[in-house]
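The values are calculated or read from the model by the stated rules, or taken from the named source; none is laboratory data. Since the structure is predicted, the reported quantities are computational estimates derived from the model, not experimental observations. Positions of Cβ are generated from backbone atoms using ideal geometry, with glycine treated the same way; all protein chains shown enter the neighbour counts.
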Amino acid sequence: MEIFALTLAGIFMAGAPLVLATLGETLTEKAGIINLSLDGSILLSAMTAFAISTTFDNPWLGVLGGMGVGALIAGVLGIIGIYLGQSQLAVGFILTLLCRDLAYFLGHSFSRQPGPDLGMWTIPGIGDITFIGPLFGSQSPVVYLSLFAIFLCWWWMYRTEGGIRLRAVGESPRAAFGRGIRVRLVRLCYCLAGGALVGMAGAAYSLAVKPGWGRPQGCEGAGWIVLAIVIFGGWHPVRAALGAFFFAAIQISGIYLQDVFPSIPAPVFQVAPFPIMILTLLAMNTGRMGWVQDFVRRYPFLKNASKGWSVEAPAALGEDFNPKKGL
Amino acid sequence: MIVLKDIHKHYGRVRANDGISLTLEPGHIYALVGENGAGKSTLMRVLAGHTRPTSGQIGINDKTISHLTPKLARKYGVGMLYQDPLDFPAMPIWENFQLGAPKRTKREVIDILGELSYRLDACFLPDETVSSLTVGERQLLELLRLLDLGATTLILDEPTTGITPEQKQDLFNLLMKLAREENHTIILVTHKLSEALEMADSILIMRQGALVSTLTPPYDENELVSLMFGEAAKGVVSELPEIPSPAPPPRLRMNDALFAGPKYSMGSLNFTARPGECIGLAGLDGSGQELFLRGLCGLDRMPGGTLELNGKTFRSNDFNVLRRAGVHFVPADRLGMALFPALSLMEHITLTFPDHNDDLGEFYKSQCVERFNLRADPDTQADELSGGNQQRLLLSLIPDNASLLLMEYPTRGLDAGSSRQVWNHLKDRCAKGASLIFFSPDLDDVLEHSHRIIVFYDRAIAAVVDRKDATMDVIGALMAGKTLAEIKEGQQ
């Protein structure tokens, strides 16, 4: 029980930055914007967060700095993509490469330096409870932050006016414009908010999950997998967060399995999560395949079981909207 | 009172609105009539604040402004209902209703929606998504929303496309009530004269971007027609071709076919079409007619049953196999599904008729210009063509030996002259032995141009009606879910 709880705690820790970035990208994509710059963005904000917290000896200042950088990069993408009408995909991709190189270049002097990290938060009174104690009694702040962010995103998207507006601009910008919503401004706002969350994910890497800066930092590639998890999560914050934890779980189980099967080369376990993710994605979306639909038709009781399996992307994802052209 | 003064709206060289002035008074029902492309919708979008005019002035309640925004329009009580409802299909009904309104809780929204729909004899389940509604219900929801926002000037753009005649009557009664009892201004945008004659206190006629005339009752129908269509009114629509007797062997036979689309499936389809026959499909949006056409041409799957074409049996419906067998599909979304928007006319011809690569210029001239009257430069890109020319190009790409033509809404977006040309061409093909199966949301078209009509209801064939029995009332009732037996009973 103790070991299981500790493993779970490890999954929460490893999954925290993935969850934060996934939520950020979910917000952005729900508004209809694709931010492809995640991977570079996470790296640059991780570097910035570590540099600021070392310089000022305050890790929370570092987190803020990381969020600022994330929002700034998303803002560049937002302004070029939304207001200047350029391809979000192309700009995002170039930003990824730019930010990655920028992070290694600017962060050179902080490489392999000791620095502060976010440490642990201890919640008094629950440390002795079985299972809950090892899991939540003393954890990194980013774990609490990520769990809170899941709730906050869900609540905002599905329980507030702002959330309705967010989904509206991603669903049909024309209709949203017709209802008096300032489509481009709303989109830019969620682009920035999503970017800030992605920046927080970067800070979570360099200040908590894999403390320190170096080349490689260890969070390389996380941005790409987050883009996949967003699709996996069907653009729903809770489902996407579960996807992020699921990925963290298979990554961690790789470490355990390595001890159990020492004859299998280590890289197999490092690479395995990626194909597993693809297979899971396929399994989640089988509902769309013709032969599955025929099968369900033959056995109607499967219909209820298959409900909610296949998901639709926001209808206007990646679509440009210019109110001056009118409807 | 709303006064539009000298409104111009230009798209590049196209003058969609060319100096339009008109006055709208409260409590009146106006009908804005004109052909497709006359500029009616553009003018109304200007009035609803969805499009900014190139120049001109709008006077509302003694204030004069250069243009409206959606927000301002709402403030002045102007609301517009689009032909394709401008809503959010993936989102719940109550959210669609609330969006754009002042802040309210979900409970309040549901109460207001319930009360409004009770008053208008409608019923909405607030947590269902809008995609589960029919087009008619979506329009009604939009109408409720506009009324809730306090709209006193209601613009309805072709509101009767895709709803049953019965629903149309309900809508018109409601509009009449709003105008007479609550002093609302109603503007009905339509290309159907019968609707204008039935409803309007005055009829505004637009042609080629200009307001040519304003008529008040009593109306002279002939005058209206000539004002609306000009010279084009004088064309002749050819008669439906005779089906040879004794009847030749069937062109198409469906044996217990099962079609499966992404959203639903339709089984036990048995139907036979003869050569030379024009078959119209009628049904509300999503009733099955779309799947019927897409399944027949192989765009949606056929997991069960067989198709027989000219005596040859097909167990599966592969698109390319069927195409080689002479089945050709023309979708309603011409640019999106059938043409290459960025390729020129000539390139389309080159791609489709590789055999003619030696004498392309000659072939183009005989095929497009002479046969189809396609008057455009061969280097024009497909997306720069008018709707009529796009349809002409598409039809000219279908080889002469096509034996089964499947068409979705053949006259979508076409003006009267082009529509007539398209119908004459299709009938000509049928007279030469092809079979035509087409769908149109315009019931008049279906009634006029079919030997037989298949009516769809609730994702199944409700009835197959012969030309001699087909009236607007019968087809409308079948579309709304009545059975033939019930209709006969009602008539007695």
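Would you mention how many residues in the stretch A:272-292 are farther than 23 Å from A:ALA240 by Cβ and either away from chain B (no Cβ under 13 Å) or at pLDDT below 75 (or both)?
1
I need a count of the residues in the stretch A:56-80 that are touching a helix residue (DSSP H, G or I) at 6+ places or on another chain (Cβ under 9 Å) and without any contact (Cβ under 8 Å) to a residue 60 or more places away in the chain. It would help to see each step written out before you state the result.
In the first step, residues of the stretch A:56-80 are kept if they are touching a helix residue (DSSP H, G or I) at 6+ places or on another chain (Cβ under 9 Å); the result is A:56, A:58-80.
Retained after the next criterion (residues that are without any contact (Cβ under 8 Å) to a residue 60 or more places away in the chain): A:56, A:58, A:60-61, A:64, A:76, A:80.
Of the residues in that region, 7 qualify.
Failed condition for A:ARG174, given (1) without any contact (Cβ under 8 Å) to a residue 40 or more places away in the chain; (2) in a helix (DSSP H, G or I); (3) at the interface with chain B (Cβ under 9 Å from one of its Cβ atoms), with all others met?
In the conditions (1) without any contact (Cβ under 8 Å) to a residue 40 or more places away in the chain; (2) in a helix (DSSP H, G or I); (3) at the interface with chain B (Cβ under 9 Å from one of its Cβ atoms), A:ARG174 misses (1) alone.
Would you mind stating whether A:LEU185 is closer than 25 Å to A:LEU166 by Cα, without any contact (Cβ under 8 Å) to a residue 24 or more places away in the chain and not β-branched (Val, Ile, Thr)? Working first, answer last.
Details: closer than 25 Å to A:LEU166 by Cα: yes; without any contact (Cβ under 8 Å) to a residue 24 or more places away in the chain: yes; not β-branched (Val, Ile, Thr): yes.
The answer is yes for A:LEU185.
State whether the residues of the stretch B:165-173 include one that is assigned to a loop (DSSP other than H, G, I, E, B) and modelled with pLDDT under 90.
In the first step, residues of the stretch B:165-173 are kept if they are assigned to a loop (DSSP other than H, G, I, E, B); the result is none.
Checked the stretch B:165-173: no residue is assigned to a loop (DSSP other than H, G, I, E, B) and modelled with pLDDT under 90.
Condition first: away from chain A (no Cβ under 14 Å) and in a helix (DSSP H, G or I). Now tell me which residues in the stretch B:281-302 satisfy that.
The first filter runs over the stretch B:281-302 and keeps only residues away from chain A (no Cβ under 14 Å), leaving B:281-290, B:292-293, B:296-297.
Hits for the stretch B:281-302 are B:GLN289, B:GLU290, B:PHE292, B:LEU293, B:LEU296, B:CYS297.
Consider B:CYS368 carefully, then state whether it is out of contact with any helix residue (DSSP H, G or I) (no Cβ under 7 Å at 6 or more places or on another chain), crowded, with 19+ Cβ neighbours inside 10 Å and part of a helix (DSSP H, G or I). First the steps, then the outcome.
Working: out of contact with any helix residue (DSSP H, G or I) (no Cβ under 7 Å at 6 or more places or on another chain): no; crowded, with 19+ Cβ neighbours inside 10 Å: yes; part of a helix (DSSP H, G or I): yes.
So B:CYS368 does not fit the description; no.
Which of the residues belonging to the stretch A:265-280 are under 30 Å from B:GLY261 (Cβ atoms) and either over 25 Å from the mean Cα position of the chain (by Cα) or surrounded by fewer than 15 Cβ atoms within 10 Å (Cβ to Cβ) (or both)?
Across the stretch A:265-280, the qualifying residues are A:ILE278, A:LEU279.
Is it the case that A:LEU95 is assigned to a helix (DSSP H, G or I), farther than 30 Å from A:ASP320 by Cβ and free of Cβ contacts under 8 Å to residues at least 60 places away in the same chain? Even if it seems obvious, please write down each step before you answer.
Details: assigned to a helix (DSSP H, G or I): yes; farther than 30 Å from A:ASP320 by Cβ: no; free of Cβ contacts under 8 Å to residues at least 60 places away in the same chain: yes.
It is false that A:LEU95 is assigned to a helix (DSSP H, G or I), farther than 30 Å from A:ASP320 by Cβ and free of Cβ contacts under 8 Å to residues at least 60 places away in the same chain.
Only one of A:GLU171, A:GLU161 is of a type in the set (Asp, Glu), under 30 Å from B:HIS50 (Cα atoms) and buried (at least 22 other Cβ atoms within 10 Å of the Cβ); which?
On the way: A:GLU161 fails: buried (at least 22 other Cβ atoms within 10 Å of the Cβ).
Step by step, each of A:GLU171, A:GLU161 is checked, and only A:GLU171 is of a type in the set (Asp, Glu), under 30 Å from B:HIS50 (Cα atoms) and buried (at least 22 other Cβ atoms within 10 Å of the Cβ).
Just for the stretch A:203-221: of the residues that are among the hydrophobic types (A, V, I, L, M, F, W, C) and part of a loop (DSSP other than H, G, I, E, B), which one is surrounded by the fewest Cβ atoms within 10 Å (Cβ to Cβ)?
Applying the filter and picking the extreme gives A:CYS219.
Taking the condition in contact with a Lys or Arg (Cβ under 8 Å, 6 or more places away or on another chain), under 25 Å from B:THR272 (Cα atoms), in contact (Cβ under 8 Å) with a residue 24 or more places away in the chain and not in a helix (DSSP H, G or I), does B:LEU374 pass?
On the way: in contact with a Lys or Arg (Cβ under 8 Å, 6 or more places away or on another chain): yes; under 25 Å from B:THR272 (Cα atoms): no; in contact (Cβ under 8 Å) with a residue 24 or more places away in the chain: yes; not in a helix (DSSP H, G or I): yes.
Taking the combined requirement at face value, the residue does not satisfy it.
Determine whether the stretch B:66-77 contains at least one residue that is within 12 Å of chain A (Cβ to nearest Cβ) and without any contact (Cβ under 8 Å) to a residue 12 or more places away in the chain. Working first, answer last.
As a first pass, look at the stretch B:66-77 and keep what is within 12 Å of chain A (Cβ to nearest Cβ): B:67-75.
Filter again for without any contact (Cβ under 8 Å) to a residue 12 or more places away in the chain, leaving B:75.
The answer is yes; a qualifying residue exists.
So in the stretch B:78-105, with the set limited to residues that are out of contact with any strand residue (DSSP E or B) (no Cβ under 6 Å at 6 or more places or on another chain), under 24 Å from B:TYR30 (Cα atoms) and at the interface with chain A (Cβ under 9 Å from one of its Cβ atoms), which one is surrounded by the fewest Cβ atoms within 10 Å (Cβ to Cβ)?
Looking at residues that are out of contact with any strand residue (DSSP E or B) (no Cβ under 6 Å at 6 or more places or on another chain), under 24 Å from B:TYR30 (Cα atoms) and at the interface with chain A (Cβ under 9 Å from one of its Cβ atoms), I get B:LEU86.
Restricting attention to the stretch B:201-247, report how many residues are within 30 Å of B:ARG452 (Cβ to Cβ), part of a helix (DSSP H, G or I) and at pLDDT below 80.
2
Which residues, taken from the stretch B:303-317, are assigned to a loop (DSSP other than H, G, I, E, B), within 14 Å of another protein chain (Cβ to nearest Cβ) and over 24 Å from B:ARG429 (Cβ atoms)?
Step one: of the stretch B:303-317, the residues assigned to a loop (DSSP other than H, G, I, E, B) are B:310-311, B:315-317.
So of that shortlist, the ones also within 14 Å of another protein chain (Cβ to nearest Cβ) come out as B:316-317.
Passing the criteria: only B:SER316.
Considering only residues of the stretch B:25-62 that are of a type in the set (A, V, I, L, M, F, W, C), within 27 Å of the chain's Cα centre (by Cα) and away from chain A (no Cβ under 14 Å), which is nearest to B:ASP415 (Cα to Cα)?
Going residue by residue through the stretch B:25-62, those that are of a type in the set (A, V, I, L, M, F, W, C) are B:29, B:31-33, B:38, B:43-44, B:46-48, B:58, B:60.
Subsequent filtering for residues that are within 27 Å of the chain's Cα centre (by Cα) retains B:29, B:31-33, B:38, B:43-44, B:46-48.
In the following step, the residues that additionally are away from chain A (no Cβ under 14 Å) were identified as B:29, B:31-33, B:38.
Details: B:ILE29: 25, B:ALA31: 18, B:LEU32: 16, B:VAL33: 12, B:ALA38: 9 Å.
Among residues in the stretch B:25-62 that are of a type in the set (A, V, I, L, M, F, W, C), within 27 Å of the chain's Cα centre (by Cα) and away from chain A (no Cβ under 14 Å), the one nearest to B:ASP415 (Cα to Cα) is B:ALA38.
Among the listed residues B:MET228, B:MET199, B:MET206, B:MET266, identify the single one that is in the same structural domain as B:LYS312 (by TED's automatic domain parsing), buried (at least 17 other Cβ atoms within 10 Å of the Cβ), within 27 Å of the chain's Cα centre (by Cα) and in contact (Cβ under 8 Å) with a residue 60 or more places away in the chain. Before the answer, list the steps.
On the way: B:MET228 fails: in the same structural domain as B:LYS312 (by TED's automatic domain parsing); B:MET199 fails: in the same structural domain as B:LYS312 (by TED's automatic domain parsing); B:MET206 fails: in the same structural domain as B:LYS312 (by TED's automatic domain parsing).
Going through B:MET228, B:MET199, B:MET206, B:MET266 in turn, the sole match is B:MET266.
Looking at the stretch B:449-473, which of its residues are out of contact with any Ser or Thr (no Cβ under 8 Å at 6 or more places or on another chain) and free of Cβ contacts under 8 Å to residues at least 60 places away in the same chain?
B:VAL465, B:ASP466, B:LYS468, B:ASP469, B:THR471
Within the stretch B:415-453, how many residues are closer than 18 Å to B:ALA247 by Cβ and either aliphatic (A, V, I, L, M) or in the same structural domain as B:THR134 (by TED's automatic domain parsing) (or both)? Talk me through it step by step, then tell me what you get.
Initial filter on the stretch B:415-453 (closer than 18 Å to B:ALA247 by Cβ): B:430-437, B:450-452.
With the extra rule that they be either aliphatic (A, V, I, L, M) or in the same structural domain as B:THR134 (by TED's automatic domain parsing) (or both), the set shrinks to B:431, B:434, B:436-437.
Adding up the residues that qualify gives 4.
Out of the stretch B:33-47, which residues are modelled with pLDDT of 85 or more and either in contact with a helix residue (DSSP H, G or I) (Cβ under 6 Å, 6 or more places away or on another chain) or at positive phi (or both)?
Listed by number, the residues that qualify are B:VAL33, B:GLY34, B:GLY39.
Can you pull out every residue in the stretch A:126-147 that is in a loop (DSSP other than H, G, I, E, B) and touching a Gly at 6+ places or on another chain (Cβ under 9 Å)? Before you say what the answer is, go through the steps one by one.
Keep residues of the stretch A:126-147 that are in a loop (DSSP other than H, G, I, E, B), which gives A:126-131, A:140.
Passing the criteria: A:ILE126, A:GLY127, A:ASP128, A:ILE129, A:SER140.
Looking only at the stretch A:180-202, count every residue that is crowded, with 24+ Cβ neighbours inside 10 Å and within 7 Å of another protein chain (Cβ to nearest Cβ) and tell me the total.
Residues meeting the conditions: 0.
Look at the stretch B:248-262 and say how many of its residues are surrounded by 15 or more Cβ atoms within 10 Å (Cβ to Cβ) and either in contact with a Cys (Cβ under 8 Å, 6 or more places away or on another chain) or assigned to a loop (DSSP other than H, G, I, E, B) (or both).
3
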